[in-house]
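Worksheet for the structure shown next.
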Amino acid sequence: MSANIYSIPPLFHPALDWQLAVESQPLGAEAKWAEFVAHVSQFSEMDIPEAQRVLEQLSNAGLEPAWRAILLTGVARCQIHRGDFIRGPQSLGQAYSLTKTIDRDARAFIILEMVSVLAITGQYPLGIILLERVPYLTQSEYLLHITNYYWAVLNSRSGDLEFLDVLEDSLAYFRSVSEWATVAYHLKNIGNACRKQQNFIAAEHKYQQALDVAIEYRYTHIQSAVLHDMGMMQFHLQNYSAARDLLGQAYNRADSHYTRTFTLGNLGLVCQRAGYSKEGIQYYEKALNQAGQHGLDFLVPSIACNLAEIYEQEIKQDMAQVLYKTGYESAMCLLSQHYPCSGFRKRVIEKYIQSLKLHSNQSLEQFADSDDLSFLDDKTLKQARAHFQSALLSILSDTEMSIQQLCRRLNISRRTYYVAKDRSAEFASDTPPAFLQKFIRENLDQTWKELNSRFDTLVIKHLWERSHHNKKSLSQKLGISYQRTLQLTANISATSLPVPIQEEIRSQS
C-alpha cells in the first residue's frame with residue numbers, strides 16, 4: 001500500500017463554530033459564501049452527516065444559483081471526507097454546471113475543491129494545471145492564499161522540494177488570520193517536505209508543532225492525519241514498532257470510515273514489510289471488509305493487491321487470484337469514472353491478468369481431469385456433501401486463516417464449522433479430487449450456503465445422467481426419498497441442462 005496515497009487527507013480544514021459563522025456571515029458576496037462553506041463543511045462542531053444535512057438544507061433555500069453551487073460544493077466536501085470518490089466529484093461537476101461565466105468567485109472556489117480531490121487521488125500535474133486558472137477568476141485574498149498554498153503543496157508532492165519558503169510564507173499569513181486548522185496542515189505538509197529531503201529532525205519538529213496545534217484546538221481529524229504521517233516516517237526509517245504505535249494512535253482518533261480504513265491498510269503494510277505476514281493479513285482483511293461495508297472503492301485496489309501479494313509469497317495462489325480479481329473489479333469501476341490507470345489501479349489490473357495466465361497454465365497441467373466427477377458415482381448425496389465439505393475446509397485451512405476468519409468468510413457459526421469438520425472427517429484427503437479443487441478455487445467468493453447449493457446441483461446433474469434420467473433410480477443413488485428427489489430436480493433450470501435431459505423433464509412433468 002503506497003504511503004503516498006494514504007498520507008493525503010483533505011488539504012484544507014479551516015474549522016469554526018458553524019452557528020457563529022452563520023450569524024456573522026454577510027451574504028452579499030460569493031467570496032464570503034465560499035469562506036462560510038469552507039468553515040461549515042469542516043465539521044468542527046458537528047459530525048459529517050449533520051454538516052452535510054445543514055448544507056443541503058441551505059442549498060435548497062431558494063438562493064441564487066452561484067450560492068447554491070457553493071453550498072453543493074460543501075456537500076461534495078462532506079462526501080469526499082467520507083471517502084466517496086464517485087459521488088463527491090460528481091457533486092462538484094454538478095455545482096460547477098450551476099454557475100455562469102460571471103460567477104467568478106464561485107467557479108474559483110469549486111475549482112479549488114476539484115484540486116483538493118486531485119491531490120488526494122495523486123493526480124498532481126492535473127491539479128497544478130487547474131490552479132493556474134484561479135487567479136484569472138478571483139481577486140479574493142482568501143481564495144488566492146488558498147491557491148498559493150495548494151500550488152506549493154502539489155509541487156512538493158510532485159517531487160519539487162524547492163517550495164518550502166512558499167509554504168512558510170503561506171503559514172505566516174494563516175497564522176495572522178488565526179486559521180489554526182489550516183496552520184496545522186501547513187506544518188504537517190512542511191514536515192512531509194522535510195521528510196522527503198531526509199531532514200528527519202526538522203520533519204519531526206514540524207509534525208510535533210502541527211500536533212500541538214491540533215490538540216490545542218481539539219481538531220481530532222488533524223491529530224489523526226499528523227500521527228499517520230509521523231507513523232509513515234518511522235515506516236520509511238524501518239522503525240516498524242514505532243510506526244505501528246503511531247498508526248494505532250491515528251486509527252483511534254480518526255473521524256471517518258475512510259481514514260480508519262486507509263490507516264488499517266498502512267498498518268498491514270508495516271507488518272508486511274516487517275515480516276509479520278500473519279498480522280499483516282489480519283489488518284488487510286479488516287481494511288478490505290471495512291472498505292466493502294462502507295463503499296470505499298477507491299481504497300480496494302491497493303488493499304486487495306497487497307494482500308494478494310502476501311498470499312502469492314506463501315504460495316496460496318487460489319486466495320491471491322480471488323483478491324486480484326476483487327482489486328481488478330474496483331479498479332475498472334474507478335476507470336469508468338475517469339480515474340487514470342496508474343498507481344495501484346494499474347498494478348492490480350496487471351497482476352490480475354498475470355494470475356489469469358498462470359491459472360490457465362495450471363489448469364492445463366494440474367487439472368487435466370478436472371471435469372471427472374466419477375468419484376461421486378458410488379456416493380449418496382450425504383456422502384458427496386461430506387466429501388466436498390472436507391475438501392473445502394481443508395483448502396481454506398491451508399490459507400492460514402484463523403477459524404474465526406474462515407467462519408466469517410463463509411458466513412457460518414463456529415458450531416457449524418466444527419459439526420461439518422467432524423461429519424466430513426472420513427473423507428479427509430491430502431489431495432482432494434481435481435474437480436473439487438477447481439470448483440472450490442473458482443467459487444471462493446461464495447458463502448457456505450451458496451457453495452453447498454451449487455455443489456448439490458452438480459451432484460444431482462451428474463448422477464441423473466448416470467441414472468439414465470430416471471428419477472426413481474436417481475433417488476436410490478442419492479439415498480433420499482423419491483419426493484425429495486422430485487423437489488431437488490425441480491430446482492434445476494431446464495435450460496442449463498443438455499437437450500436430452502430437458503426432454504426428460506418435459507416427459508415426466
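Quick notes on this structure:
Yes/no per residue for (1) more than 28 Å from Leu299 (Cβ to Cβ); (2) modelled with pLDDT under 90; (3) among the basic types (Lys, Arg):
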residue: Tyr136; (1), (2), (3): yes, no, no
residue: Gln139; (1), (2), (3): yes, yes, no
residue: Glu162; (1), (2), (3): yes, yes, no
residue: Val177; (1), (2), (3): yes, yes, no
residue: His186; (1), (2), (3): no, no, no
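- Filter pass, Ile80 being in contact with a Gly (Cβ under 6 Å, 6 or more places away or on another chain), of a type in the set (Val, Ile, Thr) and in contact (Cβ under 8 Å) with a residue 60 or more places away in the chain: yes
- Ala254 being among the hydrophobic types (A, V, I, L, M, F, W, C), on the phi < 0 side of the Ramachandran plot, more than 21 Å from the chain's Cα centre (by Cα) and not assigned by TED's automatic domain parsing to the domain that holds Pro301: no
- When the range 286-300 is filtered for residues that are within 21 Å of Met332 (Cα to Cα) and part of a helix (DSSP H, G or I), the ones remaining, listed by number, are Ala287, Leu288, Asn289, Gln290, Ala291, Gly292, Gln293, Asp297, Phe298, Leu299, Val300.
Yes/no matrix, rows are residues, columns are (1) over 25 Å from Pro340 (Cα atoms); (2) modelled with pLDDT of 85 or more:
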{"site": "Ser59", "(1), (2)": "yes, no"}
{"site": "Gln79", "(1), (2)": "no, no"}
{"site": "Arg82", "(1), (2)": "no, no"}
{"site": "Ala95", "(1), (2)": "no, yes"}
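- Looking only at the range 401-417, residues that are under 14 Å from Asn452 (Cα atoms) and either buried (at least 16 other Cβ atoms within 10 Å of the Cβ) or in contact with an Asp or Glu (Cβ under 6 Å, 6 or more places away or on another chain) (or both) come to 3 in all.
- Trp448 in the same structural domain as Gln404 (by TED's automatic domain parsing) and modelled with pLDDT under 80: no
- Selected residue (only one of Gln389, Gln437 is at pLDDT 85 or above and not hydrophobic (A, V, I, L, M, F, W, C)): Gln389
- Of the residues making up the range 99-110, those that are assigned to a helix (DSSP H, G or I) and surrounded by 21 or more Cβ atoms within 10 Å (Cβ to Cβ) are Asp105, Ala106, Arg107, Ala108, Phe109, Ile110.
- Note on the range 207-245: among residues that are within 20 Å of Thr121 (Cα to Cα) and β-branched (Val, Ile, Thr), the one that is modelled with the highest pLDDT is Val226.
- Which numbered condition Ala119 misses (of (1) surrounded by fewer than 23 Cβ atoms within 10 Å (Cβ to Cβ); (2) out of contact with any Gly (no Cβ under 6 Å at 6 or more places or on another chain); (3) part of a helix (DSSP H, G or I)): (2)
Okay, residues lined up against (1) part of a helix (DSSP H, G or I); (2) at pLDDT below 90:
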{"position": "Leu247", "(1), (2)": "yes, no"}
{"position": "Tyr283", "(1), (2)": "yes, no"}
{"position": "Lys325", "(1), (2)": "yes, yes"}
{"position": "Tyr328", "(1), (2)": "yes, yes"}
{"position": "Leu334", "(1), (2)": "yes, yes"}
{"position": "His338", "(1), (2)": "no, yes"}
{"position": "Lys351", "(1), (2)": "yes, yes"}
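- Residue match in the range 214-230 (condition: hydrophobic (A, V, I, L, M, F, W, C) and within 26 Å of Ile70 (Cβ to Cβ)): yes
Each row is one residue, and each column tells you yes or no for (1) crowded, with 24+ Cβ neighbours inside 10 Å; (2) part of a helix (DSSP H, G or I); (3) of a type outside the set (Phe, Trp, Tyr).
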position: Leu227; (1), (2), (3): yes, yes, yes
position: Ala242; (1), (2), (3): no, yes, yes
position: Tyr251; (1), (2), (3): no, yes, no
position: Thr263; (1), (2), (3): yes, yes, yes
position: Glu279; (1), (2), (3): no, yes, yes
position: Ile303; (1), (2), (3): yes, yes, yes
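- Cβ-Cβ under 6 Å pairs, at least 6 apart or on other chains, the range 413-436 side touching a residue at least 12 places away in the same chain (Cβ under 8 Å), far side among the aliphatic types (A, V, I, L, M) and loosely packed, with under 11 Cβ neighbours inside 10 Å: none
- Criterion: surrounded by fewer than 19 Cβ atoms within 10 Å (Cβ to Cβ) and modelled with pLDDT under 85 - qualifying residue of Ser424, Ser397: Ser397
- Only one entry of Leu211, Leu264, Leu246, Leu227 meets the criterion of being over 27 Å from Glu179 (Cα atoms) and not assigned by TED's automatic domain parsing to the domain that holds Gly83, and that entry is Leu264.
- Odd one out for Lys449, checked against (1) more than 23 Å from Asn289 (Cα to Cα); (2) within 31 Å of the chain's Cα centre (by Cα): (1)
- Residue list for the range 190-210, restricted to those being under 30 Å from Gly275 (Cα atoms) and either aliphatic (A, V, I, L, M) or within 26 Å of the chain's Cα centre (by Cα) (or both): Asn192, Ala193, Ile201, Ala202, Ala203
- Of the helices (runs of 4 or more DSSP H) that lie entirely inside the range 124-205, those containing 2 or more residues that are of a type in the set (Val, Ile, Thr), under 22 Å from Arg104 (Cβ atoms) and in the same structural domain as Glu113 (by TED's automatic domain parsing) span 124-131, 141-157.
The values are calculated or read from the model by the stated rules, or taken from the named source; none is laboratory data. These numbers come from a predicted model, not from an experiment. Every residue, glycine among them, receives a Cβ derived from its backbone with ideal geometry; neighbour counts consider all protein chains shown.
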